[in-house]
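The structure under discussion appears below in the form of structure tokens.
The values are calculated or read from the model by the stated rules, or taken from the named source; none is laboratory data. Computed from a prediction, not measured in an experiment: that's the story for all the values here. Cβ placement follows ideal geometry from the backbone for every residue including glycine, while neighbour counts extend to all protein chains displayed.
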Amino acid sequence: MLRPWAAQWITAVLLCRAVAQYSSDQCSWRGSGLSHESHRRDVEQVYLRCSQGSLEWLYPTGAIIVNLRPNVEPSSGRVSGLHVCIKPRTYSQGSHVYLEHAGDLRLLLADEDQAAVHCFSLAEGALFVEAIPQADISRRITAFQYELVPSQGPGAHMYPYLHPGLVTCKPCSDEEVLMAVCTSDFAGSGVFGGVASGTNKHSPVVVTLSRLFRQKSGVFAWGGARGRSWRGRVNVPKQCAVHPGQDEYLLTGSVHFGEAWLGCAPRYKDFLSLYIRALKEGTNPCQIDVD
């Protein structure tokens, strides 16, 4: 049940939607509450059509509604199953963030809880960002990054923020492995090293890659022992064990907010047999140089 002040805000939203101004550069938005400080009950609409971006609201007053959509036609089928993940900046403060759908508000991020990543289905509604009334707003900035993330596909079951409490560590199927090496944000072969300290959801694992088929955002750096390998860190859910040592693995996964997350990771010799067989049968979805 909504508290009285929340119900008042919902009424304001419904009244302001037809007349509110909106700002957008497709991916990111930066605005100031000072533009309507004398009308602190104003609700501004923000429209973002991009796979990732950021929002920065200086001197927050009133509220903003953030409408997130992928930059594709709804008929393309790529909208279905998409989730939105948001990550507050470390300096973010001054607002509560809710999910708003059909007049209902559900708290997503409280002002004092501005650290963790939170994900929700794109179909669940828009973000309703409500400024906390303050006598002095001169040092308040509400800021977060966002990404649109497919809820299905190779390795999606390993991202702990996407399906809280439902992370599974089962091996990928042959079809998922072949697709993962072609479509993942990174793919290479290498060995697991030591485990660094992480959070209650994941552990960063040091990896050394002898081959790098592809990578996004430069999460692996060339160098390592004698400059003949790539090194970096891959986040692994706490409940999914890795085996440091000499065994070589195919390492694939996704990149979220600049960090690598492990997806499908079979032993490299098993992947090589699978790939060569698929190559002979013409069922491989892409070609890579495995020599």
Filtering segment 236-268 down to residues that are closer than 15 Å to Ser203 by Cα and among the charged types (D, E, K, R), which residue is surrounded by the most Cβ atoms within 10 Å (Cβ to Cβ)? Glu259
Just to check your reading of the model, which residue among Thr208, Thr252 is of a type in the set (Ser, Thr, Tyr) and closer than 19 Å to Ala156 by Cβ? Thr252
Of the residues in segment 163-179, how many are modelled with pLDDT of 85 or more and in a loop (DSSP other than H, G, I, E, B)? 3
Starting from segment 111-140, keep only residues that are assigned to a strand (DSSP E or B), then list their pairs with residues that are of a type in the set (Asp, Glu) whose Cβ atoms are within a distance under 8 Å, requiring at least 6 positions of separation or different chains. Ala126/Glu100; Leu127/Glu100; Phe128/Glu100
Evaluate the following for Ala123: is it aliphatic (A, V, I, L, M) and either touching a helix residue (DSSP H, G or I) at 6+ places or on another chain (Cβ under 9 Å) or closer than 21 Å to Asp42 by Cα (or both)? no
What do you reckon, is Glu100 surrounded by fewer than 18 Cβ atoms within 10 Å (Cβ to Cβ) and either among the acidic types (Asp, Glu) or in contact with an Asp or Glu (Cβ under 9 Å, 6 or more places away or on another chain) (or both)? no
Conditions (1) touching a strand residue (DSSP E or B) at 6+ places or on another chain (Cβ under 7 Å); (2) at positive phi -> Val207 fails only (2)
For Val177, indicate whether it is under 18 Å from Arg267 (Cβ atoms), of a type in the set (Val, Ile, Thr), touching a residue at least 60 places away in the same chain (Cβ under 8 Å) and touching a Leu at 6+ places or on another chain (Cβ under 9 Å). yes
With respect to Pro154, is the statement that it is part of a loop (DSSP other than H, G, I, E, B) and either modelled with pLDDT under 90 or in contact with an Asp or Glu (Cβ under 9 Å, 6 or more places away or on another chain) (or both) true? yes
